[in-house]
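Colleague: The structure under discussion is supplied below as structure tokens; questions concerning it will follow.
The values are calculated or read from the model by the stated rules, or taken from the named source; none is laboratory data. Model, not experiment: these values are computed from the prediction. Because the Cβ atoms are built from the backbone with ideal geometry, glycine has one as well, and the counts that use them run over all protein chains shown. Ligands, DNA and RNA are excluded from the accessible area calculation, which covers all protein heavy atoms including side chains. Shrake-Rupley method; radii C 1.70, N 1.55, O 1.52, S 1.80 Å.
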Amino acid sequence: MRYHNIIDSIKTISKNSKNYYSCSEQYYVKQIKNATVVCTNHLTPEIKLHLITEQCKLWHSPVNECQFIDPFWAFYWPGGQAISRFILDNSKYVNNKTVLDIGSGSAACSLASALAGAKQVTANDIDPVACVAAKLNAQLNNISIDVLSKNILFNDCSQWEVIIVGDMFYSQDIADVLWKWMETLCTRGKTILIGDPGRHCFKPKCHLQERLKKLKEYKLTENCCLENRGFSTASVWILE
């Protein structure tokens, strides 16, 4: 994918913007607001997010009553919480740098990066509803970010210095793709921050294990543990 194609598809969400959403996105804005609550009960309470919690009707509804297809953006996954907390407490990793948040979902990591002083932040997710949720959360926190909806796996990411990969190791197929891509980015001098609670697919190839360094482990909140089938901690890693 060429650089200018990526730039053409980026939507900038500025705290000073008057036109946040396209006409086609207005429908999702209403749906998201109706289905979620604004939540701060997580590892980064300084960031407000539109989330589905047990306070929401949808939480207790059967899957076939959900108006969204796989609303991963509506949950603050443990790896994302760990990265966001780490970035807020260790701003040197993103301060005055360009940041790409891949598979951004709610865009919490993007918002944390912006708060920590990143020069430019791009939240990237191929789910169009997630992109609207990212915009809503940016607006909710009065933060400026960019939102990109194209699939950029295996892009050279020449315009970004830091790549954030949170909670992406949910299947072996995607894990294999990610490790290969991240290894390439690493050899090009990118800083790669990874967040994961210990999923079984989070296993780098042998030759990458010595380049993977754990930076911090966090104990998850009680509600996050319940949402994530017993995971009690999540860690932040750097691939060097």
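Colleague: So who's got an amide H within less than 5 Å of the one on Gln120, skipping anything under 5 residues away but keeping other chains? H placed 1.01 Å off N, in plane.
Modeller: Here the answer is Lys97, Thr98, Val99, since their amide H atoms fall under 5 Å of that of Gln120.
Colleague: Which order do peptides 125-137, 225-237 fall in by mean Cβ count within 10 Å, highest first?
Modeller: Listed from highest to lowest mean packing, they are 125-137, 225-237.
Colleague: Taking the mean number of other Cβ atoms within 10 Å as a proxy for protection, how do you rank 201-211, 72-82 from highest to lowest?
Modeller: 72-82, 201-211
Colleague: Moving on. Could you check how much of the accessible area of segment 69-155 is carbon and sulfur, as a whole percent, using a 1.4 Å probe?
Modeller: On segment 69-155, the fraction of accessible area on carbon and sulfur atoms equals 52 percent.
Colleague: Can I ask one more? What number, in nm² with one decimal, is the all-direction average of the projected area of the convex hull of the alpha-carbon atoms of segment 130-240?
Modeller: 8.1 nm²
Colleague: Once the dipole of the chain is set up with Lys and Arg at +1 and Asp and Glu at -1 on Cβ about the Cα centre, which of Asn90, Trp77, Thr233 lies farthest towards its positive end?
Modeller: Value computed over the given set: Asn90.
Colleague: May I have the extent of the alpha carbons of the chain along their three principal axes, as whole Å values ordered from largest to smallest?
Modeller: The Cα atoms of the chain stretch 47, 42, 32 Å along the principal axes, largest first.
Colleague: Tell me which aspartates and glutamates have Cα within less than 14 Å of Lys203's Cα, excluding those fewer than 8 residues away on the same chain?
Modeller: Asp167, Asp173, Asp176, Glu183
Colleague: List the pairs from Lys33/Lys119; Lys97/Lys219; Lys180/Lys213; Lys48/Lys214 whose alpha-carbon separation is above 23 Å, in the order I gave them.
Modeller: Flagged as over cut-off: Lys33/Lys119; Lys97/Lys219; Lys48/Lys214.
Colleague: When the gyration tensor of segment 181-240 is built from Cα positions, what are the square roots of 5 times its three eigenvalues, in whole Å, from largest to smallest?
Modeller: Semi-axes from the Cα gyration tensor: 26, 11, 9 Å.
Colleague: Ok, one more. Given the C-alpha centroids of segment 25-56 and segment 65-125, what is the distance between them in whole angstrom?
Modeller: Rounded to whole Å, the Cα centres lie 15 Å apart.
Colleague: With r defined as the distance between the Cβ atoms of Glu54 and Asn34 and R0 fixed at 22 Å, what FRET efficiency is calculated, to the nearest 0.05?
Modeller: That pair, Glu54 with Asn34, gives E of 0.85.
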